């Protein structure tokens, strides 16, 4: 394991990210230690299944409808103050 200071890490981040592929890199900041280790994203976060529409979908509004409502709320807020 390679231990580096935050200053060393900031100076040459690419080097330490490359090193993390082959082994752990530990970044020391004061009394704290942060471990930088390599793991492909696909291993950490498997694909999310696509959800099927349900009864709540019929209650959804479009972003345009949302923005119209927000605009009206802002207008009402400033006209009553």
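What to note about this one:
- Per-residue packing, averaged as other Cβ atoms within 10 Å, sorts the ranges 27-35, 10-18 into the order 10-18, 27-35, beginning with the highest.
- Relative contact order of the chain: 20 percent, from C-alpha pairs under 8 Å at least 6 residues apart in sequence.
- Label of the coordinate-derived value, Kirkwood radius over Cα pairs in Å, listed as (i) 13.4; (ii) 16.0; (iii) 17.9: (iii)
- Bridge type composition, the chain - antiparallel percent by DSSP, nearest 5: 55 percent
Only the coordinates and a few stated rules stand behind these numbers; no lab work does. This structure is a prediction, so every number in the text was calculated from the model and none was measured. For neighbour counting, all protein chains shown are included, and Cβ atoms are generated from backbone atoms with ideal geometry for every residue, glycine included.
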